[in-house]
1. For the stretch 311-329, enumerate the residues that are open to solvent by 10 Å² or more (accessible area, probe 1.4 Å), of a type in the set (S, T, N, Q) and near the ligand (Cβ under 9 Å from one of its atoms).
2. For the stretch 282-292, give me each residue that is of a type outside the set (F, W, Y) and at pLDDT 90 or above.
3. Considering each residue of the stretch 314-372, count those that are touching an Asp or Glu at 6+ places or on another chain (Cβ under 7 Å) and without any contact (Cβ under 8 Å) to a residue 24 or more places away in the chain, and give that number.
4. What pairs come up if the first residue lies in the stretch 230-245 and is closer than 24 Å to L210 by Cα and more than 16 Å from the ligand (Cβ to nearest atom), the second is of a type in the set (S, T, Y) and open to solvent by 70 Å² or more (accessible area, probe 1.4 Å), and their beta carbons are under 7 Å apart, counting only those six or more places apart or on different chains?
5. For the list (1) over 30 Å from L306 (Cα atoms); (2) not in a helix (DSSP H, G or I), I need the number of the one condition that R166 fails.
6. Here are the criteria: (1) away from the ligand (no atom under 16 Å from the Cβ); (2) open to solvent by less than 80 Å² (accessible area, probe 1.4 Å). Tell me which single one K302 does not satisfy.
7. Within the stretch 216-236, can one find any residue that is touching a Lys or Arg at 6+ places or on another chain (Cβ under 6 Å) and either surrounded by 14 or more Cβ atoms within 10 Å (Cβ to Cβ) or in a helix (DSSP H, G or I) (or both)?
8. When the residues of the stretch 363-388 are narrowed to those that are open to solvent by less than 20 Å² (accessible area, probe 1.4 Å) and more than 7 Å from the ligand (Cβ to nearest atom), which ends up nearest to I316 (Cα to Cα)?
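The values are calculated or read from the model by the stated rules, or taken from the named source; none is laboratory data. A quick note: this is a predicted structure, and the numbers were derived from the prediction, not measured. A quick note on method: Cβ atoms are made from the backbone with ideal geometry, for glycine too, and the neighbour counts reach across all protein chains shown. Surface areas here come from the heavy atoms of the whole protein model, side chains and all, with no ligands, DNA or RNA. Shrake-Rupley method; radii C 1.70, N 1.55, O 1.52, S 1.80 Å.
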Amino acid sequence: MPLEFFKENEQVFNTLFEAASEGVVVVNAKQIIVTVNTAALEMFGYSKNELLGAHLNILIPEKYKANHYEHFDSFMEHSEKRRMGHGRELFGVKKSGEQFPVEAGLNPFKVDGECFVMSLIVDITIRKENQRQIRELNTELEGKIKIRTQELSNTVDNLEKEIAKRKEAEKRIKLALKQEKELNELKTKFLSLVSHEFKTPLSGILTSALLAEKYTQTEQQAKRTKHLTTIKNKVHYLNNILNDFLSLERLESGNVNYKYTAFSLNKLVNEVIYNANVTLKYGQEIDYNIDMEDITLYQDEKILELILSNLIGNSIKYSPEDSTIYFRIYSKDKKIIFEVEDEGMGIPQKDQKHIFERYFRAENALLNQGTGIGLNIVKVHVENMGGTIFFESEENKGSKFTVILPNQNR
Ligand code: ADP
């Protein structure tokens, strides 16, 4: 009897099996356990007597048993040495019912023509636990990496935002510097302009005064009057420049109080045209809709007069002799629109964007007298009165300035 054979030779097997650190379980073709070593007994928690003669099933968890039969039979048919499991997880069951992961190698052999299988079993609980811990650590690590990556990407985002902010600030500073530089240049330009502006009329006044002084006879009154008129005109001109400065100063300090009253538009226009006519160059004329239906305006009359006089004055100054200045007035949707158009030198394209800036004078206007203050004052007043001002101009063709003001009284 083979079982007997194992029993009789227990000594020999014990020596062999006990040397192995793996659990060794030998079964016959009917899966009856014929011998086990101590390592297997310790692993499964049985005594030797309990296992010898028992079916191998005793060591296999319930749910794997069905499978196990199939595997065992096919294994017996192709009887060869191999590892069990093939990628599946194998489990053993202890006497206590506790399941534990195992790795098993199967070694078939024959004694006296009878088939046996020796299973070498290793308890891989610790290895599995280690693997589980490694997996857990990996997951934890991946989580940490994700968080760090997110933090890094946030830092990069913040840095990019910071860089963009700094670039923006740098741009602003550069712009401010540029504006400051432009302002300084304008101030220098303005100072030389003002010195020049005062120098010419002052020397004119001096000359006229000297000449007038020479005419002492009563009958020379006409000549005296001529020189006195020149003096008056030049003083008037200087007075206007000083008024502009004062206007500027008042606008700057917010000291302008607009006096809104109702007045006749025709009366105002006539006054403006009358004053402008006196300063026309030879052959110049002002074309305006003289038979315009009268409108009552509710605005600051004096300031509106200043605005219109300034625009017409510029058209006269920057247009040649024998040219026409068109002055048009329209009333539309509770708005009053003034257009002053001339056939003068126009404003060079590159200077147009600066034209309302204080002290700015276009390159082609530098030979004419001027301070570069008028349009700036006009624009501030127009806007303070709730209106807008804009212009179109082409060099050597002419300019057209448009003022649109609200008219609350219509
Ligand atoms: P000013 O006439 O004293 O120089 P303004 O502020 O009135 O100052 O005008 C600013 C600049 O705008 C002028 O120096 C001139 O270059 C340009 N300008 C204004 N009006 C006209 C116009 N009708 N035709 C051509 N250039 C004009």
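1. Result: N314, single match.
2. G283, Q284, E285, I286, D287
3. Counting residues in the stretch 314-372 that are touching an Asp or Glu at 6+ places or on another chain (Cβ under 7 Å) and without any contact (Cβ under 8 Å) to a residue 24 or more places away in the chain gives 3.
4. none
5. Every condition holds for R166 apart from (2).
6. Looking at each condition in turn, K302 falls short on (2).
7. no
8. Out of the qualifying residues, it is V378.
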